[in-house]
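Engineer: First the structure, which I've put down as structure tokens, then a few questions once you've had a look.
Every number here is computed from the coordinates shown, using simple stated rules; none is lab data. Predicted model only: the values in this text are computed from it and were never measured. As a convention, Cβ positions derive from the backbone with ideal geometry for all residues, glycine included, and neighbour counts pool all protein chains shown.
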Amino acid sequence: MKKKHRLFCIALLLCGLASAWPRDAFYNGDDYTIALSYTDTVKPGEAVFVRLRFESTDRSAAQADALTSALLILPSIGQCEFYAVPVRAAGNQHVKEFLAAVPLSTYQESGSIELQIVYNAFGGKTMEFSLPVQIDAKEFISEVIPLDSRNTGIRTDNSPERIAQINKLNTILETINPDAVYQTEPFTPPTDAVRRTSFFGDRRTYAYSDGTSEESLHFGIDYGIPTGSPVAACGAGKVVLAENRISTGWSVVIEHLPGLYSLYYHMDSLLVREGQIVRQGEQLGVSGATGLATGPHLHWEVRLNMEAVDPDFFTADFSFSSKHN
């Protein structure tokens, strides 16, 4: 049976002096403490991250080895298991740190909600508590993109080869490997360029060469850069896809955290291979105009638990790493 905290909310009010919705909270249990940081204000197309730090006040070996687990729930939005991340006090078995995140669709309505955390600390009772989250409204750009006969053919291609490529990518993006912890620090953009030709969450209408049209959503950011411009990894991780695809041309996908991937499309050539571990800033290849492209550019995308999330969100301290270093 789950037991719900009441004192936790009091601790939130005491520590929340800097803002209406506090980002940090603390709780003292019978034989453990919790320090918590979380995303208290979010917009559609972003994500709610929660970082939990458990510390046992019982220094016995049995307590240190006991199972600790947690689940993050955003009612009517999604849920995710917490996964372990390295702690600052390396080798201290009495400290355990976890991270979890739930993405919000770009169509998410604004308003106030409460996230829920259900946890078991060091083999103790199952407990739960809630935290307030504010979802602010956001407007997205609408655009019409005319496609020539070549790009119309790519966009409407239903060949077995293209379907197989889509299925392969989806299988990768739906994979959540709790051991895949490569980087929790902020991402850096994959190019030094600042000119953007399309933005995250754009509502698109593709105007086909045969006079028909189709609505779509732009999942990333497009940088207008010349063919041959360097493209760098936004963060450390494992290359899980590196191939030429019908729709996206020469493409790279990097796994950074469990369920968190960055994608790079329409490149001219690649310098990495599948299975390779890359550093943040390491060159992946050069930009181009391969696949469905109306001109040279780089498409940069980030997916979390399959959902497309604004890449700019991850260039800030999304996992609160500065609080835990």
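Engineer: Would you calculate the separation in nanometres between label points at Asn170 and Ser321, each defined as 7 Å from the Cα along the Cα-to-beta-carbon direction?
Structural biologist: Modelled inter-label distance: 3.2 nm.
Engineer: Same structure, new question: Looking at the chain as a GNM with Cα springs under 10 Å, which of His297, His256, His218 has the largest mean-square fluctuation?
Structural biologist: Comparing His297, His256, His218 in a Gaussian network model of the chain, the most mobile one is His218.
Engineer: Same structure, new question: Using only alpha carbon positions, build the gyration tensor of region 268-325, then give the equivalent ellipsoid semi-axes as the square roots of 5 times its eigenvalues, largest first, whole angstrom. Mind dumping the intermediate values first?
Structural biologist: On the way: eigenvalues 139, 56, 25 Å².
Sorted largest first and rounded, they come to 26, 17, 11 Å.
Engineer: Here are some pairs, Lys43/Lys125; Lys238/Lys323; Lys43/Lys323; Lys43/Lys168; Lys168/Lys238; which of them have Cα atoms lying more than 27 Å apart in this structure? Please list the in-between numbers first.
Structural biologist: Values: Lys43/Lys125 34 Å; Lys238/Lys323 25 Å; Lys43/Lys323 22 Å; Lys43/Lys168 30 Å; Lys168/Lys238 16 Å.
Exceeds cut-off: Lys43/Lys125; Lys43/Lys168.
Engineer: Where is the GNM fluctuation largest for the chain (alpha-carbon springs, 10 angstrom cutoff): Ile145, Ile135, Ile277?
Structural biologist: Among Ile145, Ile135, Ile277, the largest GNM mean-square fluctuation belongs to Ile145.
Engineer: Rg to Rh ratio, region 88-131, alpha-carbon atoms and Kirkwood radius? Don't skip to the answer; put the middle values down first.
Structural biologist: Numbers: Rg = 15.4 Å, Rh = 13.8 Å.
Ratio value, two decimals: 1.11.
Engineer: May I pose another question? Would you work out the relative contact order for the chain, in percent, from Cα pairs under 8 angstrom that are 6 or more residues apart? Before the final figure, lay out the partial values.
Structural biologist: Numbers: 802 pairs, mean separation 52.3, N = 325.
About 16 percent, as a whole number.
Engineer: Hey, another quick one. Counting other C-beta atoms within 10 Å, and keeping those with at most 13, which DSSP coil trypsin sites (Lys or Arg not before Pro) do you find in region 160-197? If you can, show how the numbers build up before the last one.
Structural biologist: Details: sites: Arg162, Lys168, Arg195, Arg196; in loops: Arg195.
Sites meeting the loop and neighbour criteria: Arg195.
Engineer: Which percent of Cα-Cα pairs in region 151-271 sits in each 10 Å bin, short to long?
Structural biologist: 11, 37, 39, 12, 1
Engineer: Separate question: I need the P(r) histogram for region 138-193: all alpha carbon pairs, bin width 10 Å from 0 out to the longest distance, whole percents.
Structural biologist: 15, 21, 36, 26, 2
Engineer: May I pose another question? Loop only by DSSP, 16 or fewer other Cβ within 10 Å of the Cβ. Give me the trypsin sites (Lys or Arg not before Pro) in region 23-123 that pass, ordered by residue number. Don't skip to the end; give the middle numbers.
Structural biologist: Values: sites: Arg23, Arg51, Arg53, Arg59, Arg88, Lys96; in loops: Arg23, Arg59, Arg88.
Listed in order of number, the matching sites are Arg59, Arg88.
Engineer: What value in Å³ per residue do you get for the convex hull of the alpha-carbon atoms in region 211-314?
Structural biologist: Values: hull volume 10.6 nm³, N = 104.
Convex hull of Cα atoms, per residue: 102 Å³.
Engineer: Next question, about the same structure. Taking R0 as 45 Å, what FRET efficiency do you get between Ala193 and Arg88 from their Cβ-Cβ distance, rounded to the nearest 0.05? Don't skip to the end; give the middle numbers.
Structural biologist: Numbers: r = 35 Å, r/R0 = 0.79.
With a Förster radius of 45 Å, E is 0.80.
Engineer: Moving on to the next point. With springs only between Cα atoms under 10 Å apart, run a GNM on the chain and tell me which of Asn244, Asn120, Asn170 wobbles the most.
Structural biologist: Checking each option, the largest mean-square fluctuation is seen for Asn170.
Engineer: Considering the Cα trace of region 181-247, what is its radius of gyration and what is Dmax, both in angstroms?
Structural biologist: 15.6, 47
Engineer: So for region 84-160, Kirkwood radius off the Cα pairs, Stokes-Einstein at 37 °C and 0.692 mPa s: how many µm² s⁻¹?
Structural biologist: Values: Rh = 18.3 Å.
Using the Kirkwood radius from Cα pairs, D works out to 179 µm²/s.
Engineer: On a 0 to 90° scale, report how tilted helix 160-173 is relative to the longest principal axis of the chain, with both axes built from alpha carbons and the result rounded to the nearest 10.
Structural biologist: The answer is roughly 20 degrees.
Engineer: Label points 7 Å out from Cα along the Cβ direction at Lys125 and Glu143: separation in nm?
Structural biologist: In this crude label model, Lys125 to Glu143 measures out at 5.5 nm.
Engineer: Moving on to the next point. Which of Gly249, Ala289, Ala233 sits closest to the plus end of the dipole of region 219-307, meaning its Cα is farthest towards the positive end, when Lys and Arg get +1 and Asp and Glu get -1 on the C-beta?
Structural biologist: Ala233
Engineer: Taking each pair of distinct Cα atoms in the chain once, what is the resulting Kirkwood hydrodynamic radius in Å?
Structural biologist: Working: mean 1/r = 0.0470 Å⁻¹.
For the chain, inverting the mean 1/r across all distinct Cα pairs yields 21.3 Å.
Engineer: Could I ask something else about it? Which trypsin sites (Lys or Arg not before Pro) in region 246-320 sit in a loop by DSSP (not H, G, I, E or B) and have at most 10 other Cβ atoms within 10 Å of their own Cβ?
Structural biologist: Working: sites: Arg273, Arg279, Arg303; in loops: Arg273, Arg279.
Those satisfying the criteria are Arg273.
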